Amino acid sequence: MENSIEDLITEEAVTGKIYHIRDQKVMLDSDLANLYQVETKQLKRQVKRNLLRFPMDFMFELNDDEQKILRYQFGTLGHGTYSKYGTMAFTEQGVAMLSSVLNSERAIMVNIEIIRIFTKIRHRLQESSTLRMDIERIKNRLSDHDKNLEIVFSYLDELMVSSENEKKPRTRIGFKPDIL
């Protein structure tokens with residue numbers, strides 16, 4: 001029995017291949033080619049033939065500095081096999097567009113799974129930012145409670161000091177009967 005795409009492509013495997021480059025979450029051409037089970041040069045060829053489908057917010061080539069950082073990170077000459085072309089980085093929209101230029105059932109199924117995973121990640125980030133805002137609100141409320149408690153305790157201290165002063169015998173004012 002053949003494994004389904006969902007079984008072969010785990011969330012952990014895909015999230016491990018999502019990088020943060022130029023303030024965007026991207027996947028690299030060689031990682032995508034591996035998932036699609038095509039050669040990286042075939043993927044790049046299809047993209048270059050369909051460049052109009054890949055504006056800068058969908059796909060960009062890494063510059064020399066970014067390539068060097070990748071080399072250091074992976075400890076090889078390049079990520080994947082050496083290519084005379086720069087490494088291509090695909091945003092979520094670029095990954096979605098790849099299914100239209102790679103005409104295989106696997107490419108479509110892999111894209112569906114990758115988009116689902118990107119959506120889960122975005123949802124988790126939104127949940128964590130909501131949670132972070134809730135925690136901030138609670139901290140602010142607790143900070144206000146601390147200030148209010150300080151005021152209450154200072155009033156209690158004043159009351160205790162004034163009640164200690166009241167315990168000294170006072171001279172009575174008013175009518176005093178003579179008892180002799």
Q | Test result for Q126, at pLDDT 85 or above and assigned to a helix (DSSP H, G or I) | A | no
Q) Within the bounds of region 46-66, is there any residue that is assigned to a loop (DSSP other than H, G, I, E, B), farther than 27 Å from R122 by Cα and among the acidic types (D, E)? A) no
Q. Which residues, counting only those in region 17-46, are closer than 15 Å to L98 by Cβ, of a type in the set (D, E, K, R) and without any contact (Cβ under 8 Å) to a residue 40 or more places away in the chain?
A. K17, E39, R45
Q.
Looking only at region 39-77, how many residues end up being in contact with a helix residue (DSSP H, G or I) (Cβ under 8 Å, 6 or more places away or on another chain) and closer than 25 Å to R106 by Cβ?
A. 13
Q) Looking at this structure, is Q73 modelled with pLDDT under 75 and in a helix (DSSP H, G or I)? A) yes
Q | Residue pairs meeting the criteria (Cβ under 6 Å; at least 6 apart or on separate chains; first more than 18 Å from L35 (Cβ to Cβ) and among the aromatic types (F, W, Y), in region 63-91; second modelled with pLDDT under 85 and surrounded by 12 or more Cβ atoms within 10 Å (Cβ to Cβ)) | A | none
Q) Would you call N103 among the polar types (S, T, N, Q), closer than 30 Å to I21 by Cβ and in a helix (DSSP H, G or I)? A) no
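The values are calculated or read from the model by the stated rules, or taken from the named source; none is laboratory data. Computed from a predicted structure; not experimentally measured. Please note: Cβ atoms are built from the backbone with ideal geometry, for glycine as well, and neighbour counts cover all protein chains shown.
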